[in-house]
Number of protein chains: 2
Amino acid sequence: MQNFTFYNPTRILFGKGKIAGIADEIPAGSRVLMTYGGGSIRTNGVYDQVMAALAGFTVFEFGGIEANPRFETLMRAVERCREDSIDFLLAVGGGSVIDGTKFIAAARYHEGDAWALLSEQAPIKRALPLASVLTLPATGSEMNAGGVITREATHEKLPFRSPLLYPRFSVLDPSTTFTLPLRQVANGVVDAFTHTVEQYLTYPVNAPLQDRFAEGLLQTLIEEGPKALAQLDDYDARANVMWCATLALNGLIGAGVPQDWTTHMIGHELTALHGLDHAQTLAIVLPGTLRRRRVAKRDKLVQYGRRVWGIDATDEEVVIDQAIERTRHFFESMNVKTRLSDYGIGREAIPPLLEGLERHGMIRLGGHADVTPDISREILELCA
Amino acid sequence: MQNFTFYNPTRILFGKGKIAGIADEIPAGSRVLMTYGGGSIRTNGVYDQVMAALAGFTVFEFGGIEANPRFETLMRAVERCREDSIDFLLAVGGGSVIDGTKFIAAARYHEGDAWALLSEQAPIKRALPLASVLTLPATGSEMNAGGVITREATHEKLPFRSPLLYPRFSVLDPSTTFTLPLRQVANGVVDAFTHTVEQYLTYPVNAPLQDRFAEGLLQTLIEEGPKALAQLDDYDARANVMWCATLALNGLIGAGVPQDWTTHMIGHELTALHGLDHAQTLAIVLPGTLRRRRVAKRDKLVQYGRRVWGIDATDEEVVIDQAIERTRHFFESMNVKTRLSDYGIGREAIPPLLEGLERHGMIRLGGHADVTPDISREILELCA
């Protein structure tokens, strides 16, 4: 096992009816800015539940945070925080709203151009306290300290993180997900699945507990994901997917093991240049990454095939082939297409994607920093 | 899945060499009381490592905290905290030292007889900040907010907990365990195993992720426990056991599922009256509990037998029989005996044990509070 530090102070309030309890978690007298996205929370009852729970506070609102939240939008919220002397941020929505709210929290006290928090990873010295009411299980942002922000003007999508950005609390009420579009439910399962894979499918370091936790997440997503798609109000399926998505990226399964975020980094370029859903990019890139990297990831690919998919072929090459195809089939069965061509993107799109990776310093990806630009190109060619 | 709240702010510093980093985690200028047990840390190098790391602080010492830490001993440390104006506690040792230090932290600010924190569960309103350097993986105390204290004078052993008692940080350096007596290594594995079972072997509530995490812990302990016994300096085996023991009782696997602490509660009486090691009491009582409760726990016992032990018999009764026997055999293979008679305790000891349970309010144990005193008696008879 590798050395590690694990720290995660976010309080999780899980279950039906838990929104009502948030007033106890926010400092009395706070001026709260409630942030949200396109307004679906106004029609599904979540807005009303949150407002009722916040009755004792001075509440402001900032709606309209997009999927792949934009720097330009968020800087308007930062201005609002300054003007209205906000001292607590409550994100109500999915990963985009929570990521965006983390950026607002950090940018609020940043002097100078806040883009430096992303482009230069300028240190975050102070942040507004924030919390979340999660309505879309997917990114894990509700229980981690990072986020990803897109700059519309330059088609860039960049990550940031700081221990100051852990949500103080996050409410996970599975019943808030009953009204989600099925595309978002499916995307969330693919996202959580890929988060798990990128912390698991690397190389062995004798960390059997982390392996089994990751395998447990994958097996549960494989079982529960289709149930969550099949019946809108299956509370337990939604609850199980929701808890999986949170634990897939809260630091636990990645503690003490190597990680390989190749698929995510390439995927971010696809979203930045072509506007694909984040999960769509993962469903495209992950099978290509696993095919191209089957030698480097051999031991873990065999373990993945045998333990997660129950493939009992004796020939390890067959196990690997089947494991990758089962992964692709799982994504397709969740109605998320897995090839660039499915989204009308041809091979001519590959060079600009590689240029984007290079511009963002993503020239050595992988658990051993051994994914060169040439290998990234070959991965993308396998995604065609 | 059941509703739950999960919160655990303890920072884990895991791996070889991590003790050196503790100075960064303690507030500058702190007056630190270092607490420890029988002095083994003076001979295995841990004392020197801790003292070197604390060079910038004013450090006091309180040694001699016993296994099953005693109220009488701990109250002397509370006096020391007041006299020396201690403002940070650093427990260096195993679960007994950490549990005892949590009690010191709580009792420091308690007005009146601190025994009320145990006997009446008097509210803990304030506590000294504490942290730990773990040298014996077993109880999980390094990453939770509870403890168990024994009163010598009255042979009582009682639990307490408060969110104020999470360690600020805990160092888990597996190499500190190389010099442990094998009996303590084995006890730790049995303790962690039983903690996991008591949050897993109840009844199904459609929480497949929690089930798989628990099964992953049990399988890893079954694999790694014997390795840790067989070779004293097998770093990875010690690391895997250590991380299992922490995650077995940090709130994670118990979130959203029923729990049944029957075995622990009966075991505490055995320690209080007969002085057995905590893990010895668990090794005795768990098989008896599972046998007596095989109907109430039927579904999970079958799942446990099939998934954890790989028992493929079609007859579920056979699966359950074998699962219980494999559990007993595992404890015996770790050199922890599993019957009262192995420790020279006869059936005449059972009535006083039941009286102890009753005196401590433990008259309705189990996940459904359905373990009556009669059932506790039958469990103990099966342990003879």
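The values are calculated or read from the model by the stated rules, or taken from the named source; none is laboratory data. Quick caveat, the model's predicted, so the values are computed rather than measured. Glycine gets a Cβ as well: all are built from the backbone with ideal geometry, and neighbour counts include every protein chain shown.
Looking at the range A:283-303, is at least one residue within 14 Å of chain B (Cβ to nearest Cβ), more than 15 Å from the chain's Cα centre (by Cα) and not in a helix (DSSP H, G or I)? Scanning the range A:283-303 turns up no residue that is within 14 Å of chain B (Cβ to nearest Cβ), more than 15 Å from the chain's Cα centre (by Cα) and not in a helix (DSSP H, G or I). For the range A:171-192, residues that are under 13 Å from the mean Cα position of the chain (by Cα) and either over 22 Å from A:Glu332 (Cα atoms) or among the acidic types (Asp, Glu) (or both) total 1. Looking across the range B:31-78 at every residue that is among the charged types (D, E, K, R) and touching a strand residue (DSSP E or B) at 6+ places or on another chain (Cβ under 9 Å), the one that is nearest to B:Arg183 (Cα to Cα) is identified as B:Glu66.
Being at the interface with chain A (Cβ under 7 Å from one of its Cβ atoms) and more than 18 Å from the chain's Cα centre (by Cα) is true of B:Asn206. Counting the residues of the range A:128-166 that are within 25 Å of A:Leu270 (Cα to Cα) and hydrophobic (A, V, I, L, M, F, W, C) gives 8. Given the criteria more than 22 Å from A:Ala131 (Cα to Cα) and either in the same structural domain as A:Gly38 (by TED's automatic domain parsing) or among the aliphatic types (A, V, I, L, M) (or both), does A:Thr196 qualify? Against the criterion (more than 22 Å from A:Ala131 (Cα to Cα) and either in the same structural domain as A:Gly38 (by TED's automatic domain parsing) or among the aliphatic types (A, V, I, L, M) (or both)), A:Thr196 does not qualify. Annotation note: of B:Ala214, B:Ala237, B:Ala248, the sole residue that is within 14 Å of chain A (Cβ to nearest Cβ) and touching a His at 6+ places or on another chain (Cβ under 9 Å) is B:Ala248. Of all the criteria given as (1) assigned to a helix (DSSP H, G or I); (2) over 25 Å from A:Glu381 (Cα atoms), the one not satisfied by A:Thr196 is (2).
Of all residues in the range A:133-147 being among the aliphatic types (A, V, I, L, M) and within 18 Å of A:Trp261 (Cα to Cα), which is surrounded by the fewest Cβ atoms within 10 Å (Cβ to Cβ)?
Looking at the filtered set, the residue picked out is A:Ala145.
The sole residue among B:Leu136, B:Leu158, B:Leu218 that is in contact with a helix residue (DSSP H, G or I) (Cβ under 7 Å, 6 or more places away or on another chain), modelled with pLDDT of 95 or more and farther than 26 Å from A:Ala239 by Cβ is B:Leu136. Just one of the listed residues (B:Ile104, B:Ile12, B:Ile19) is at pLDDT 95 or above, assigned to a helix (DSSP H, G or I) and within 14 Å of chain A (Cβ to nearest Cβ), namely B:Ile19.
Criterion applied to A:Thr263, A:Thr271, A:Thr281, A:Thr289 was being hydroxyl-bearing (Ser, Thr, Tyr) and more than 21 Å from A:Glu156 (Cα to Cα), and the one residue passing it is A:Thr289. Can you find a residue that is surrounded by fewer than 21 Cβ atoms within 10 Å (Cβ to Cβ), out of contact with any Ser or Thr (no Cβ under 9 Å at 6 or more places or on another chain) and β-branched (Val, Ile, Thr) anywhere in the range B:77-98? No, that holds for no residue.
Each row is one residue, and each column tells you yes or no for (1) in contact with a Lys or Arg (Cβ under 8 Å, 6 or more places away or on another chain); (2) within 19 Å of A:Leu201 (Cα to Cα).
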residue: A:His268; (1), (2): yes, no
residue: A:Asp277; (1), (2): yes, no
residue: A:Arg292; (1), (2): no, yes
residue: A:Gln322; (1), (2): no, yes
residue: A:Arg328; (1), (2): no, yes
residue: A:Gly344; (1), (2): no, no
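Of all residues in the range B:42-61, exactly one satisfies the criterion of being part of a strand (DSSP E or B) and aliphatic (A, V, I, L, M), namely B:Val59. Could you tell me which residue of the range A:221-247 is modelled with the highest pLDDT, considering only residues that are among the acidic types (Asp, Glu) and outside any helix (DSSP H, G or I)? Here the residue is A:Asp234.
Here is a yes/no grid of residues against (1) surrounded by 15 or more Cβ atoms within 10 Å (Cβ to Cβ); (2) at pLDDT below 95:
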{"site": "B:Ile324", "(1), (2)": "yes, no"}
{"site": "B:His329", "(1), (2)": "no, no"}
{"site": "B:Ser333", "(1), (2)": "no, no"}
{"site": "B:Ser341", "(1), (2)": "no, no"}
{"site": "B:Gly346", "(1), (2)": "no, no"}
{"site": "B:Ile363", "(1), (2)": "no, yes"}
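Here is a yes/no grid of residues against (1) closer than 15 Å to B:Val285 by Cα; (2) in contact with a Phe, Trp or Tyr (Cβ under 9 Å, 6 or more places away or on another chain); (3) assigned by TED's automatic domain parsing to the domain that holds B:Leu221:
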residue	(1), (2), (3)
B:Arg306	no, no, yes
B:Val318	no, no, yes
B:Asp321	no, no, yes
B:Ile324	yes, no, yes
B:Thr327	yes, yes, yes
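Taking the range B:244-272 as the search range and keeping residues that are hydroxyl-bearing (Ser, Thr, Tyr) and buried (at least 22 other Cβ atoms within 10 Å of the Cβ), which one is farthest from B:Gln219 (Cα to Cα)? Across the range B:244-272, the extreme among qualifying residues is B:Thr262. The one condition from (1) more than 14 Å from chain A (Cβ to nearest Cβ); (2) touching a Gly at 6+ places or on another chain (Cβ under 9 Å) that B:Tyr7 does not meet is (1). Could you please let me know if B:Lys125 is part of a strand (DSSP E or B) and charged (D, E, K, R)? In short, no. Condition first: modelled with pLDDT under 95 and among the acidic types (Asp, Glu). Can you find one or more residues in the range A:112-127 that meet it? Yes, the conditions are met somewhere in the range A:112-127. The single condition among (1) modelled with pLDDT of 95 or more; (2) buried (at least 24 other Cβ atoms within 10 Å of the Cβ) that B:Thr150 does not meet is (1). For the range B:167-190, filtering for residues that are outside any loop (DSSP other than H, G, I, E, B), crowded, with 21+ Cβ neighbours inside 10 Å and not hydrophobic (A, V, I, L, M, F, W, C) leaves 6. Going by what's in this entry, would B:Ile98 be described as more than 14 Å from chain A (Cβ to nearest Cβ), of a type outside the set (Asp, Glu), under 30 Å from B:Asp211 (Cβ atoms) and not in a loop (DSSP other than H, G, I, E, B)? Against the criterion (more than 14 Å from chain A (Cβ to nearest Cβ), of a type outside the set (Asp, Glu), under 30 Å from B:Asp211 (Cβ atoms) and not in a loop (DSSP other than H, G, I, E, B)), B:Ile98 qualifies.
For the range B:10-69, taking the residues that are touching a residue at least 12 places away in the same chain (Cβ under 8 Å) and basic (Lys, Arg), the one that is surrounded by the fewest Cβ atoms within 10 Å (Cβ to Cβ) is identified as B:Lys16.
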